Amino acid sequence: MNRTLTRFQRRARALLIAGLLAAAPAWAERVVTDMAGRQVHIPDQVHKVYAVGHCVPAVAAVAPDKLANNGRLPAAAARYLAPAFLAGKAVPKAGMRFSDEEILRMAPDLVVMETMPGAADQAARLEAKLRVPVLLIDQDLLRFKQTFAFLGEVLGRPEQAQALAGFVATYIDPIGSKARIIPVAKRVRVYYAEGPDGLSTNPAGSSHTQVLDYVGGINAARVANLPDEGMAKVSLEQLYLWRPDRILVWTPAADQLTTWHAVVDGPLWQRLDAVKAGRVSQIPWLPYSWFDRPPGSNRILGVLWLANLLYPEVFPFDMVAVTREYFRLFYHADLSAADARYLLGLATPAAAAEPSR
């Protein structure tokens, strides 16, 4: 038997090998260095991502079709998000967390978590339990350009990541520079009212108040930053001493205006000049809070909103225009001017009226 390959056979074998190599990326792996400096083996092609908690908005901003999950959002949020944010996404059956079994049923190629103290050990334990690679990303306001670039590379969406980073460079970076030179005497003292009664808060330096710190506001609360940045309880007597110029209110039941009514209708709150003068603002909450909880990329719009609210003469943005631009880039949704005005109007609930469609 002639064991010498004919010219035709050699050509056929070369074509077969080329075909196999072309198909290889579906099974190939690559090594990336995540934003905590960990080297992680991930699939060459990522099709489905489980985003842990605060990472959902950032992953969805880059590639909503690859996101496997979302949080439990208010019913009204759907009209302000592209269908890819919601269609087919797993949501927790109870509370805000998924069980390991629920995550496994999603069959993600990749898990994305945020960097924080102890996150590397948590990521290693999660990888061992799920047998799925885990990447850590930075959710600090000052690092979002790098975060989007990293996610764009990992998820194969570099152009979208560049557009997101461009928005940050155009709008957010200059705010930090201008805020630093606002004279101390002209800075606004703000109390961040959390919890159903408004008597919980977070101090300056917390990730939950980074938007306030960034735009040059003075956090009126003098409390310790609790372990895991939990909310610190305060009293009205302390608030009388702190004398905030403005109050921002927030609760997970924002659509029910729980905290808003506790503050603006509470008789004992009326002793505060900020309440008497009507300087109480509900943080807009659709589709995610614009200020905090989650302290993710949803806060980028909150930087613009709060900078304009506190210092309109320093930051005279066309808030309708920038809100529409943000929603187009980050939520992949074409927002009408009427919708943008409605969402901005949520800061003063008595005046907000949802536009018809």
Q. Are any residues in segment 243-260 over 26 Å from the mean Cα position of the chain (by Cα) and exposed (fewer than 15 other Cβ atoms within 10 Å of the Cβ), and if so, which ones?
A. R243
Q | Set R38, R30: member being at pLDDT 95 or above and surrounded by 16 or more Cβ atoms within 10 Å (Cβ to Cβ) | A | R38
Q: Given the conditions (1) modelled with pLDDT of 95 or more; (2) more than 21 Å from T259 (Cα to Cα); (3) open to solvent by 10 Å² or more (accessible area, probe 1.4 Å), report the number of the one that A204 does not fulfil.
A: (2)
Q.
Among the residues that make up segment 246-254, is at least one of them among the hydroxyl-bearing types (S, T, Y) and modelled with pLDDT of 95 or more?
A. no
**Q.** Meets criteria (modelled with pLDDT under 95 and surrounded by 19 or more Cβ atoms within 10 Å (Cβ to Cβ)) for R293
**A.** yes
(Q) Taking the condition of being in contact with a Gly (Cβ under 9 Å, 6 or more places away or on another chain), buried (at least 18 other Cβ atoms within 10 Å of the Cβ) and not in a helix (DSSP H, G or I), how many residues in segment 309-333 meet it? (A) 1
Q. Do any residues in segment 71-99 that are within 20 Å of G296 (Cα to Cα) have Cβ atoms under 7 Å from those of residues that are of a type in the set (S, T, Y) and in a loop (DSSP other than H, G, I, E, B), where the two are at least six apart or on different chains, and which pairs are they?
A. Y80/Y331; L81/Y331; A82/Y331; F85/Y331
Q.
Going by what's in this entry, would A185 be described as closer than 30 Å to D318 by Cβ and surrounded by fewer than 15 Cβ atoms within 10 Å (Cβ to Cβ)?
A. yes
Q) Looking at segment 105-182, what helices (runs of 4 or more DSSP H) fall wholly within it and have at least 2 residues that are under 18 Å from the mean Cα position of the chain (by Cα)? A) 144-155, 158-167
(Q) Show the residue pairs meeting these rules: Cβ distance below 7 Å; 6+ apart or different chains; first residue within segment 204-220 and touching a residue at least 60 places away in the same chain (Cβ under 8 Å); second residue part of a helix (DSSP H, G or I) and small (G, A, S). (A) V211/G302; Y214/G176; Y214/A179; V215/A179; V215/A307; G216/A179
Q.
What are the pairs with Cβ atoms under 6 angstrom where one residue, in segment 157-176, is within 29 Å of D44 (Cα to Cα) and touching a residue at least 12 places away in the same chain (Cβ under 8 Å) and the other, located anywhere, is aromatic (F, W, Y) and buried (at least 17 other Cβ atoms within 10 Å of the Cβ)? Sequence gap at least six, or different chains.
A. A161/F148; L164/F148; A165/F148; V168/F144
Q: Select, from G195, G205, G217, G230, the only residue that is under 26 Å from Y331 (Cβ atoms) and within 23 Å of the chain's Cα centre (by Cα).
A: G217
(Q) Quick check on this structure: which one of A123, A149, A165 is open to solvent by 30 Å² or more (accessible area, probe 1.4 Å), of a type in the set (G, A, S) and either touching a strand residue (DSSP E or B) at 6+ places or on another chain (Cβ under 9 Å) or under 30 Å from D318 (Cα atoms) (or both)? (A) A149
Q) Mind checking which residues of segment 278-308 are free of Cβ contacts under 8 Å to residues at least 60 places away in the same chain and either touching an Asp or Glu at 6+ places or on another chain (Cβ under 9 Å) or in a helix (DSSP H, G or I) (or both)? A) R279, L301, W305, N308
Q: Give me a count of the residues in segment 41-55 that are open to solvent by 10 Å² or more (accessible area, probe 1.4 Å) and either in a strand (DSSP E or B) or of a type in the set (A, V, I, L, M) (or both).
A: 4
Q. Of the residues in segment 58-69, how many are within 12 Å of the chain's Cα centre (by Cα) and surrounded by fewer than 24 Cβ atoms within 10 Å (Cβ to Cβ)?
A. 0
Q: Could you list all residues from segment 296-308 that are more than 25 Å from P183 (Cβ to Cβ) and open to solvent by 10 Å² or more (accessible area, probe 1.4 Å)?
A: none
Q | Pick from segment 334-357, criterion closer than 26 Å to T209 by Cβ, open to solvent by less than 60 Å² (accessible area, probe 1.4 Å) and part of a loop (DSSP other than H, G, I, E, B), ranking: modelled with the lowest pLDDT | A | A352
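The values are calculated or read from the model by the stated rules, or taken from the named source; none is laboratory data. None of these values were measured; they are calculated from a predicted model. Every residue, glycine as well, gets a Cβ built from its backbone with ideal geometry; the counts of neighbours run over all protein chains shown. Heads up: the accessible areas ignore ligands, DNA and RNA and are worked out on the full protein's heavy atoms, side chains in. Shrake-Rupley method; radii C 1.70, N 1.55, O 1.52, S 1.80 Å.
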